[in-house]
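A quick write-up on the structure given underneath.
The values are calculated or read from the model by the stated rules, or taken from the named source; none is laboratory data. Values in this document were obtained by computation on a predicted structure and should not be read as measured data. Counting neighbours? That spans all protein chains shown, and the Cβs are built from the backbone with ideal geometry, glycine included. When the accessible area is computed, the model is the full protein with side chains, heavy atoms only, and any ligands, DNA or RNA have been set aside. Shrake-Rupley method; radii C 1.70, N 1.55, O 1.52, S 1.80 Å.
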Amino acid sequence: MKKIFYVTTPLYYVNADPHIGHAYTQIATDALARYRKSLGEEVFFMTGTDEHGEKIEKASIESGLKKGDEKSFVDDIHKRFKDLWVRLDIRYDFFIRTTDKEHEDAVKHILDELNKKGDIYKKKYTGYFCTPCEMFWSKFQAKDGICPDCKRPLESIDENNYFFKLSKYQKWLIEYIEKNADFIKPSSRRNEVLGLLKHNELIDLCITRPKSRLGWGIEVPFDKDYVVYVWFDALINYISGAGYPHNMKKFKSLWPADVHIIGKDILRHHAIYWPIMLKALGINMPKTVFAHGWWVFKGEKMSKSKGNIVDPNYLLDTYGKDVFRYFLLSEIPFGVDGAFDEESIISRHDSDLANDLGNLLNRTLTMAEKYFKGEIPEKPDSDDNTEGGGNVKAAAGMLPEKIKTNMRELNFSGALASVWELINTANKYIEDSKPWTLFKEKKEDQLKWVIYNLIESLRMITIAISPFIPSTSQAMWKQLAFKEDLDSVPFQAITQWGLSKPGIKVNKEKPLFPRIRQK
Ligand code: MSP
């Protein structure tokens, strides 16, 4: 059976509306999935929502609903995520909700399995809980009753609970991470996890809450007085959504996941709890867990509780989806933090999209109209000795490998920068070859070469940007008037120079990115 490329996002909490942090993970994953599809691979891109736990129960009550009405709350909010994904052109293959019956059944099945295996036991829990982070902290970890992550006061807990034997697998996990360099990426995050595991003893994970404290969760199959801790429930989505255990044929074609894309805030859960859960179940590890950085706003991570949220719908209304997608993907390398400010969106729009990309398309099509009645010219028999023609072909020739190398490392900004190298070389080519002079001097062959080379560069650029800014790419394709459906054009088509068909009549429209600030 052929292995399908399986990529996931975290499941977003539905306690509040989506913000640009969520959109960031989603856009990056979408770009990766689209890129892998363009390589001709079968891809399964799964995303969804995390709908149980204290945080959601609290938000539901705060919204005015009664305790017990959480399902109608999550039914409402999860749609806002789906709506945003439509607006952002996110093309996922499956949307999982942790309230889906198949997922809930999988969680119960897994708990029974681990319980039978002796990896679950009951004892008194005395420690802390942080509701905004949905995290347990021991008295040792949070000495002053303050959450080590979000720095808010913790809730003190003294109750009987079930525990999962994390500590039993600590030695194995250290060895596994050491042997598998690609398991946690980037390497700074891998070192962070290894440091944590080597210098601290793992504490067994509390995986339940008594129903008397928390009603909104999956019931523990072997003790009806408890519900499952939200993280233990949610992590299981990566296998339940892939068919485990109800559709093992599907599961075999998907698992192991190729990459779990997450933010660095949830590294511990994905790089410690999750592999140990899988190991205990006898399931192979995902190939890679990739943790990207945070968008910070005035020095702090954007989050609802800090009240520094930037609403993606506002940015979409103001700048459009591709400006938003392009900004997030190009502004910072995937893996490091970035400071968000709206001025940077405007300057990226005006420089990269309006000035470089938009201008290249517009100038080229204007010249095709003026010099060749809008038709893509024939390649002349004479040699191409236009000034700068060699540079354009060389830049185009290097493009596929540069994109591949960057995308192997999920370096979206690097992949885009390599497309912009070709865009800039092509713009410079216009200046160097001076088509207006060639026209005046009636050097028709050379003029044909220039326009043909520019159209050919644009063909490659359009295909290359399609995973990142798909609707711009569609609009460019339409103006270039190529006949094939862009979605079915493989990445392979940029590895060959000269595929643009002469004689096609281009279809120039108004500029794609009119400048926001005039020069
Ligand atoms: N529900 C858990 C994940 C469970 S996965 C089994 C959760 N949800 S969340 O709604 O808080 O979303 C977390 C993810 O959103 C982060 O891991 C990250 O991918 C993204 N981001 C949330 N805030 C972010 C920023 N300020 N910047 C960048 N991404 C961030 O944790």
Among the residues of region 65-81, is there at least one that is open to solvent by 10 Å² or more (accessible area, probe 1.4 Å), touching a residue at least 24 places away in the same chain (Cβ under 8 Å) and either within 9 Å of the ligand (Cβ to nearest atom) or assigned to a loop (DSSP other than H, G, I, E, B) (or both)? yes
Yes/no for V220 being at pLDDT 95 or above, under 30 Å from the mean Cα position of the chain (by Cα) and β-branched (V, I, T): no
Considering only helices (runs of 4 or more DSSP H) fully contained in region 189-269, which possess at least 1 residues that are more than 24 Å from I56 (Cα to Cα) and out of contact with any Gly (no Cβ under 7 Å at 6 or more places or on another chain)? 248-254
So the check is Cβ under 6 Å with 6+ separation or different chains; which pairs have a first residue in region 398-410 that's on the phi < 0 side of the Ramachandran plot and a second one that's surrounded by fewer than 19 Cβ atoms within 10 Å (Cβ to Cβ)? P400/T495; N406/G414
Tally time: how many residues in region 227-248 are more than 9 Å from the ligand (Cβ to nearest atom) and open to solvent by 10 Å² or more (accessible area, probe 1.4 Å)? 5
Residue tally, condition open to solvent by 20 Å² or more (accessible area, probe 1.4 Å), part of a loop (DSSP other than H, G, I, E, B) and near the ligand (Cβ under 8 Å from one of its atoms), over region 287-300: 1
Which condition from (1) farther than 15 Å from I20 by Cβ; (2) hydroxyl-bearing (S, T, Y); (3) touching a residue at least 40 places away in the same chain (Cβ under 8 Å) is the one that S351 breaks? (3)
If you go through region 167-217 one residue at a time, how many are more than 23 Å from the chain's Cα centre (by Cα), of a type in the set (G, A, S) and surrounded by fewer than 12 Cβ atoms within 10 Å (Cβ to Cβ)? 2
Within region 319-378, considering only helices (runs of 4 or more DSSP H) that don't extend past its boundaries, which have at least 2 residues that are more than 16 Å from the ligand (Cβ to nearest atom) and surrounded by 21 or more Cβ atoms within 10 Å (Cβ to Cβ)? 321-331, 359-372
Hey, S303 hits all of (1) more than 9 Å from the ligand (Cβ to nearest atom); (2) outside any strand (DSSP E or B) but one; which does it fall short on? (1)
